[in-house]
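Notes to accompany the following structure.
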Amino acid sequence: MDRIIIDLETTGIDCKHDKIIEIGAVRIDDYGNREEFSTLVDPGVPLNHIITDLTGITDEMLAGQPRIDDIAPEFCSFIANAVPIAHNASFEAGFLRKFTGFEQIDWLDTIVLAKIAFPHLGSYSLSNIVEALNLVNEAPHRALGDARATELLYNAITTELSHIDKGIIAALIEILEPSYPVYGDFLREFEPEILASRYLPPQIKQEPQDELSQPDESYIISPERIKYLLDDEDGLRKYVDEYCPRPQQREMALKTGEAFNSGSFLLAEAGTGTGKTIAYLVPAALLAYESNSQVIISTHTIHLQDQIIEKDIPDINKVFNGELRSVLVKGRNHYLCYRKWYNAFNENDIENPIFMASLLPWVAQTVDGDVDVLNLNGFERREWQKFSANAETCLKGRCPYFRTKCFVHKIRKKAENSHLIIINHSLLLIDAMMGSGTLPSCDYLVIDEAHQLDKVAEENLGFTLSFFDHVTLMADTKKFLGQMSKLATFPGLFNNNISADNLRQKQDIVNDALLVFDDNALKGDLMFKAIKDAYDYYHESNGTIAKSWRITSKLREEDKWIEAETLVENYLLWLNELLQIIKKVMY
């Protein structure tokens, strides 16, 4: 079937209020023959200078051009029965539906396809993709120029997908086709293997790594070794370009070594230019490597983590002949939970097939399960929580994938056999307070950027419940209860020790809960509304605006807050009732 790649330039981004000023399209048949369509369109309104600056299109250029009503029949005839394609297709679809009557629902979106074919790109804007893939756009922000660039992107996507595992193609079809048949038709061109339609990624390859020997608790870091590494010609200066010894750095390194040796605390303030990272890494590396010990290093910023793991430790490791082992460990929610993924993949009612399809190629190839390599927007970050690992839902040793496909287990094993473990303050605090088991037991800790620790503690050690959390919790719980009710219809699926009567009782409990579920879930909606009303009332009364506010004893006496507090209690009672229902059903 023919394909038509479409791009529009408009007076703004809202099809309800803005108008089309340029149309560009490229039509391609099954034999590769191309036709192009391009026209300026008089919108009947003056252009905003921002649009003129972006596109180069001026009011003078549009004067005397056809109006959209005049050009619509010709353009719709050009589209005919071709499959429409666009970069961010909902934009083009919305404008064409309003101004030309083109009602085609099934579009191929090159953003969706690019996320599947190139999951590691830093951005999916057309300009950034063109640059990243070394494509050409001779006229950016002009309709025909962008349509031609989208054509090149589409060709790059098809080339990439032609080399992808056929099982992944089959799985993508299974995920997308029920809701988006146009993607199923497109992907079938890559000849998926039917036998691999239940394709799931292979087992995680456990990298063989020597275990650390029994630590030498009598080891003492030699001050002379620290001075040698920092000052001598055969120390760091031999391996690190432009490295220069610094007296303040040497002083801090020696003090750090003393603290390690004595098991005492050291609080050090190092000004700019001190070289504090090397100052604590040198004694930490000596201690960890030469005594088979471990040192945890906690930072606040990702930038410093990257610097330590990608530059500073590799530089120091040259002194140790590359035998100093280090690992970057993140919080559980950064890693994929394979059990959640598998369960979602096997459900017939996948909630967000587009997002799940965009994750699949990455899931199939990732070696560490770290989602941070993907460029997820805010909505996708929320969707990611459905697949991320967390302590509350972790089955640990009872999980069927614990030893084969658990990324948290893998990173923990790697951490157990590493000399230096790099983490951030959030993980340090959460692991210490909640015992989530991501970090191994360790006697030595360095906290860099420690002035941020109290702020991170405030953010991470409190309890947070957002309206989105409430909505997600209610949806997941209702879905779970519905599944339990269906399963109870088939006693043979349960342990033989459970009698049919007992099973029916459990089913009745679940069904009774489902009958009143929506009414009870509304308690959460009312709670959040009351809290917002109290927030608005407080700030209107005080003439202030702030993102957060402290609940004082005076505020607790206000009617608005008393109402909110009552609704909070009602909501918590409902959550406790749900917990008791689930316990009755599960045990």
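The values are calculated or read from the model by the stated rules, or taken from the named source; none is laboratory data. If you're wondering where the values come from, they're calculated on a predicted model, not measured in any experiment. Note that we place each Cβ from the backbone using ideal geometry, even for glycine, and neighbour counts take in every protein chain shown. We work out accessible area using only protein heavy atoms, side chains counted, and drop any ligands, DNA or RNA first. Shrake-Rupley method; radii C 1.70, N 1.55, O 1.52, S 1.80 Å.
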Looking only at residues that are open to solvent by less than 60 Å² (accessible area, probe 1.4 Å) and either outside any helix (DSSP H, G or I) or among the β-branched types (Val, Ile, Thr) (or both) in segment 510-543, which one is farthest from residue 575 (Cα to Cα)?
531
Sole miss for residue 121 among (1) open to solvent by 60 Å² or more (accessible area, probe 1.4 Å); (2) more than 21 Å from residue 12 (Cα to Cα); (3) assigned to a loop (DSSP other than H, G, I, E, B) is condition (1)
How many residues are closer than 30 Å to residue 2 by Cβ, not hydroxyl-bearing (Ser, Thr, Tyr) and not in a loop (DSSP other than H, G, I, E, B) if we restrict to segment 33-61?
5
Of the residues in segment 140-161, how many are in contact with a strand residue (DSSP E or B) (Cβ under 9 Å, 6 or more places away or on another chain) and in a loop (DSSP other than H, G, I, E, B)?
2
Select from segment 289-307 the residues that are among the aliphatic types (A, V, I, L, M) and modelled with pLDDT under 95 and write down the one among them that is nearest to residue 255 (Cα to Cα).
304
Pairs, first under 11 Å from residue 6 (Cα atoms) in segment 137-150, second among the hydroxyl-bearing types (Ser, Thr, Tyr) and open to solvent by less than 70 Å² (accessible area, probe 1.4 Å), C-beta under 8 Å, six or more apart:
143/38; 144/38; 150/110
Of (1) touching a residue at least 60 places away in the same chain (Cβ under 8 Å); (2) touching a helix residue (DSSP H, G or I) at 6+ places or on another chain (Cβ under 6 Å), residue 165 satisfies every one except (2)
Kindly list, by first and then second residue, each pair from a residue in segment 539-559 that is over 24 Å from residue 466 (Cβ atoms) to a residue that is charged (D, E, K, R), limited to pairs with Cβ atoms under 9 Å and residues at least 6 apart or on different chains.
541/558
Please find, among 152, 172, the residue that is open to solvent by 40 Å² or more (accessible area, probe 1.4 Å) and touching a Leu at 6+ places or on another chain (Cβ under 6 Å).
152
Can you find a residue in segment 65-76 that is among the small types (Gly, Ala, Ser) and either under 25 Å from residue 126 (Cα atoms) or open to solvent by 30 Å² or more (accessible area, probe 1.4 Å) (or both)?
no
Among (1) open to solvent by less than 10 Å² (accessible area, probe 1.4 Å); (2) touching a residue at least 40 places away in the same chain (Cβ under 8 Å), which single condition is residue 1 missing?
(1)
Odd one out for residue 100, checked against (1) in contact with a strand residue (DSSP E or B) (Cβ under 6 Å, 6 or more places away or on another chain); (2) under 23 Å from residue 12 (Cβ atoms):
(1)
Complete set of residues in segment 4-29 that are touching a Lys or Arg at 6+ places or on another chain (Cβ under 9 Å) and either assigned to a loop (DSSP other than H, G, I, E, B) or of a type in the set (Gly, Ala, Ser) (or both)
11, 12, 15, 16, 24, 29
Among (1) within 23 Å of residue 311 (Cβ to Cβ); (2) open to solvent by less than 80 Å² (accessible area, probe 1.4 Å); (3) in contact with an Asp or Glu (Cβ under 9 Å, 6 or more places away or on another chain); (4) not aliphatic (A, V, I, L, M), which single condition is residue 264 missing?
(1)
Exactly one of 304, 266, 286, 254 is of a type in the set (A, V, I, L, M, F, W, C), in a loop (DSSP other than H, G, I, E, B) and touching a helix residue (DSSP H, G or I) at 6+ places or on another chain (Cβ under 8 Å), and that one is 266
